[in-house]
Structures are given as structure tokens and as C-alpha cells.
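Chemist: Okay, handing you the structure first.
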Amino acid sequence: MVLVLKTVPDGHGLSVEPAAALPSLAGASRDDLLEAFAQLGVLEKQRRMRVAQLWSWIYARGVVSFDEMSDVSKDLRSELAGAYSLERPEIVSEQVSQDGTRKWLMRLPKREHDAQGPEVETVYIPESDRGTLCISSQVGCTLTCTFCHTGTQKLVRNLTHAEIVGQILLARDRIGDWPGANAPDDGGRLPNSDRKITNIVLMGMGEPLYNFDNVCEAMKIAADSGGLAHSRRRITLSTSGVVPEIARWGKEAGTMLAISLHAVRDELRDILVPINRKYPIKDLLDACRSYPGLSNARRITFEYVMLKGVNDSLADARALVRLLAGIPAKINLIPFNAWPGAEYECSEWEQIERFAEIVNKAGYASPVRTPRGRDILAACGQLKSASVKLRASERAVVPTASGEDAGAN
């Protein structure tokens, strides 16, 4: 049975109604915190020390109240509480799959001209020895990949670095992934490890390389050893192929890289992943071959969704092996996850196995990704925020600050 929970107070800072409209420091960068202390009039020579204190409380201990910061003076705590909050995004709904996968629909704070705060989805996938958090980088998406549910939505806007980090904080709240926190009773499906979130993947809503600066800053916060302390080798950015930004990401962020490939011929990839018309397969693979730090120990993951009668022939498998020659790589074969209105079907399981055998024999690890969270539309390619359910008349009167089309991705 699928469990659906609406937002309820949970004793860890979450509530049905958002708190007073104070800016939140949950998700703030070190520079953001420096600016906050400057606004409060804290002496410049004290600011970095104060930043280090808040950083530890927010990101290492997960507090949701300034009152919990015992090594910060009462007067400063009072000033902070009067000007800022530690609010997370608001949970609109939480769904728990039969397999333990959790999906949160989160509402972000309203901005000028917003009819309501935009919504994004975040997914947590527990396994016995690890827990993977799939986070979003945009509200909506511009890429219109034809097999992807998110691609049927328009782009609303980029997420800020604080909104991206806020997804991590909220997930850690909900699964008890802070020191001393109590984990929810989930029938023993959470990982048997000290940390419940061991891996972060930028594979949610949006194309992360089209929100480069915010995503990069967010991953710096996530990887900071004094706080969330996620290893960069356990952070993976997935891109549909924004070729000019790939090398820059490797140099500035240094995380693992995944490529949404899905086809071995430009004619087909032009349809499945339309950004291919701008950055064709050859250009994409050239960028992969020169990815900073690429080695057998730091392989690129190529994602390949299995579509019945479209890209799943054995000739396609052999062409895939030839295409990736010389690139330290892993190939994830992804059974297509259906969604309402999808025009594709998943390949037959026997065909997927034959495809995988060819790839394996060529020396590539090619695990077939076990679908997770299909019953709550949380599987790969199924994310789509409920904000698209707004009536057309409501959407028509919601302009965006940048002049882009309003809507949800």
C-alpha cells in the first residue's frame, strides 16, 4: 500500500503553515552568513567565528531553532531569531512507496508575482547499505526529453543554492539523519549505517548545468567537511549534455558525472533528448573524454533508458560499446518508467538482459537499475510537481520576473 502523508507538525521545525516571512538561513552559504552578521551589526573581527558556530549548528547538528545554539550568546540568538529563521521548504505531501522509497512534494517561498510558492519534488531511495537522495535543481525544465515526465512541464525558474540545500536538510529531518535524532518506523527499510543519506544525485527536476552557479554553490555546502560533509565522490551530477559546461563543472565542483545518453544515433537522440540538436553525440563524448579527473577510479556513468522497439536492439548495444570506447565508464540500463500520457513502453525483460550481456562482454559494468518508487511516480523520469494542476486561467496571470513562460516542470 502507498502511504500518503500531508504536512503535519513533526517536532523538528515543520508545520502546516509557514512561519512569519523571515528569510531562512537554512541552506545559506558562508558568505550568506557573513552578510547576515554584518546586517546585525556584529563586529567584523567576530564574524568568521560566528559563521563557524552557526555552520556547525545548522549543517552538522541540524538544529531548527537559534535557541538550541548553546555556545552563542543569548543576546545574539535573540537578534538572529528576530531577523531570520531556520525554516525548511514546506511539505505539501509525503508519499512512501511499498519498497520504502519516499517522495516529497515541497513548496518554496513565494516571490513577487507568484500566485503561490512554486513546487519541486525530491526522492529518497533507501537500500540496505546506502541511501540515495535525488534532488531537483529547477522548477520545471526546458529540455522536453520525450520519455521524461518532467520534460512535459515548462520551466518556472532556477532554484537558489539555499533551496537546493534545503532539500537535503528537509530529507535529513524526515528520516532522522542527524546526530541523536530518531529515525521513523519504516519496517527496517532504512540503511544499516550511521548515515542514512550516503549519496546525493542531481537527477531530479531540471537540467543542473543550466543552473550552474547555484548548483555548484549548493554542492560546495553539501561537501563542506565542517557541516554536511558529503564526499564529492558520492555526489553525482546528471546532465542531458550541456557540452560547454561539462569541463567547467569538473574543474569547479569535482563531483562524479552522469550523462543521459539514451541513443547511439543523432537522428534518434534528436527526438529523445532534443538538446542533441545543439550538442550532438560526438561533441558530447569528446567533452566526456576530457572530463577533469576522469580515470578508472572516477568513471562517467552513462544512463540509457530501455524503450521497446526504439533503442533496445542488439545492434544498438554493439553501437553503444563502440561509441564509448576509451572512456572509463559504467552504463546504467534503466527500464522505462511509465507515466500518464507516455508514448513509449518499457523493453521486454529478456531483451534488456540480452542488451546488457553484450555491454558486459565488452568490459563495461552495466547494471540494470531496479525501478524504485514506481507506485508513487518517484522512479527515474517520473517526477512532476503537482503545481501543474493549476487551471490554465490561473497560470495565465502568473508572469515570471525573467519573462519566461510560467508553469511547472
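Chemist: Which of the residues belonging to the stretch 293-344 are among the polar types (S, T, N, Q) and under 19 Å from Ala253 (Cβ atoms)? Lay out the reasoning, then the answer.
Modeler: As a first pass, look at the stretch 293-344 and keep what is among the polar types (S, T, N, Q): 295-296, 301, 311, 313, 332, 337.
Ser295, Thr301 - these are the residues of the stretch 293-344 that are among the polar types (S, T, N, Q) and under 19 Å from Ala253 (Cβ atoms).
Chemist: While we're here: If you check Asp270, Asp194, which single one turns out to be surrounded by fewer than 20 Cβ atoms within 10 Å (Cβ to Cβ) and outside any loop (DSSP other than H, G, I, E, B)?
Modeler: Working: Asp194 fails: outside any loop (DSSP other than H, G, I, E, B).
The conditions single out Asp270.
Chemist: Now a separate question. Might you let me know whether the stretch 69-80 holds any residue that is among the charged types (D, E, K, R), crowded, with 20+ Cβ neighbours inside 10 Å and in contact with a Leu (Cβ under 6 Å, 6 or more places away or on another chain)?
Modeler: Taking the stretch 69-80 first, the residues among the charged types (D, E, K, R) are 71, 74-75, 77, 79.
Narrowing the set further to residues that are crowded, with 20+ Cβ neighbours inside 10 Å leaves none.
No, the stretch 69-80 contains no residue that is among the charged types (D, E, K, R), crowded, with 20+ Cβ neighbours inside 10 Å and in contact with a Leu (Cβ under 6 Å, 6 or more places away or on another chain).
Chemist: Here is a further query. I'd like the full set of residues that are surrounded by 22 or more Cβ atoms within 10 Å (Cβ to Cβ), touching a helix residue (DSSP H, G or I) at 6+ places or on another chain (Cβ under 7 Å) and more than 23 Å from Ala223 (Cβ to Cβ), limited to the stretch 248-267.
Modeler: His262, Ala263
Chemist: Still on this structure, please answer the following. Test Asp186 against the criterion of being out of contact with any strand residue (DSSP E or B) (no Cβ under 9 Å at 6 or more places or on another chain) and either among the acidic types (Asp, Glu) or surrounded by fewer than 20 Cβ atoms within 10 Å (Cβ to Cβ) (or both), and give yes or no. So that I can check it myself, show each step before the final result.
Modeler: Details: out of contact with any strand residue (DSSP E or B) (no Cβ under 9 Å at 6 or more places or on another chain): no; either among the acidic types (Asp, Glu) or surrounded by fewer than 20 Cβ atoms within 10 Å (Cβ to Cβ) (or both): yes.
No; evaluated as a whole, the condition is false for this residue.
Chemist: Does the stretch 273-313 hold any residues that are aliphatic (A, V, I, L, M) and outside any helix (DSSP H, G or I), and which are they?
Modeler: First, pick out the residues of the stretch 273-313 that are aliphatic (A, V, I, L, M): 273, 275, 281, 284-285, 287, 294, 297, 300, 305-307, 310.
Matches in the stretch 273-313: Val273, Leu294, Ala297, Ile300, Val305, Met306, Leu307, Val310.
Chemist: Still on this structure, please answer the following. Pick from Ala181, Ala171, Ala229: which is in contact with a Phe, Trp or Tyr (Cβ under 6 Å, 6 or more places away or on another chain), in contact (Cβ under 8 Å) with a residue 60 or more places away in the chain, in the same structural domain as Asp283 (by TED's automatic domain parsing) and small (Gly, Ala, Ser)? Step through it out loud before you land on a result.
Modeler: Values: Ala181 fails: in contact with a Phe, Trp or Tyr (Cβ under 6 Å, 6 or more places away or on another chain); Ala229 fails: in contact with a Phe, Trp or Tyr (Cβ under 6 Å, 6 or more places away or on another chain).
Of Ala181, Ala171, Ala229, the one residue that is in contact with a Phe, Trp or Tyr (Cβ under 6 Å, 6 or more places away or on another chain), in contact (Cβ under 8 Å) with a residue 60 or more places away in the chain, in the same structural domain as Asp283 (by TED's automatic domain parsing) and small (Gly, Ala, Ser) is Ala171.
Chemist: If you go through the stretch 61-77 one residue at a time, do you hit one that is assigned to a helix (DSSP H, G or I), among the acidic types (Asp, Glu) and either within 30 Å of Asp185 (Cα to Cα) or assigned by TED's automatic domain parsing to the domain that holds Ile200 (or both)? Please lay out each step first, then the result.
Modeler: Just the residues of the stretch 61-77 that are assigned to a helix (DSSP H, G or I), to begin with: 66-68, 74-77.
The next check asks that each one be among the acidic types (Asp, Glu); those that pass are 67-68, 75.
So of that shortlist, the ones also either within 30 Å of Asp185 (Cα to Cα) or assigned by TED's automatic domain parsing to the domain that holds Ile200 (or both) come out as 67-68.
Scanning the stretch 61-77 turns up at least one residue that is assigned to a helix (DSSP H, G or I), among the acidic types (Asp, Glu) and either within 30 Å of Asp185 (Cα to Cα) or assigned by TED's automatic domain parsing to the domain that holds Ile200 (or both).
Chemist: Only one of these is among the charged types (D, E, K, R) and under 23 Å from Ala181 (Cα atoms): Glu87, Glu112. Name it. Give the steps one after another, and end with the answer.
Modeler: Working: Glu112 fails: under 23 Å from Ala181 (Cα atoms).
Result: Glu87 is the single residue among Glu87, Glu112 that is among the charged types (D, E, K, R) and under 23 Å from Ala181 (Cα atoms).
Chemist: Give the residues of the stretch 212-246 that are part of a helix (DSSP H, G or I), surrounded by fewer than 21 Cβ atoms within 10 Å (Cβ to Cβ) and in contact with a strand residue (DSSP E or B) (Cβ under 7 Å, 6 or more places away or on another chain), sorted by residue number.
Modeler: Listed by number, the residues that qualify are Asn214, Ala223, Arg233, Arg234.
Chemist: If I ask for residues that are in contact (Cβ under 8 Å) with a residue 12 or more places away in the chain and either surrounded by fewer than 24 Cβ atoms within 10 Å (Cβ to Cβ) or not assigned by TED's automatic domain parsing to the domain that holds Met203 (or both), which ones from the stretch 105-118 would you list? Even if it seems obvious, please write down each step before you answer.
Modeler: Taking the stretch 105-118 first, the residues in contact (Cβ under 8 Å) with a residue 12 or more places away in the chain are 105-109, 111-118.
Within the stretch 105-118, Leu105, Arg107, Leu108, Pro109, Arg111, Glu112, His113, Asp114, Ala115, Gln116, Gly117 qualify.
The values are calculated or read from the model by the stated rules, or taken from the named source; none is laboratory data. All of these numbers come straight from a predicted model, not from anything done at the bench. Every residue, glycine as well, gets a Cβ built from its backbone with ideal geometry; the counts of neighbours run over all protein chains shown.
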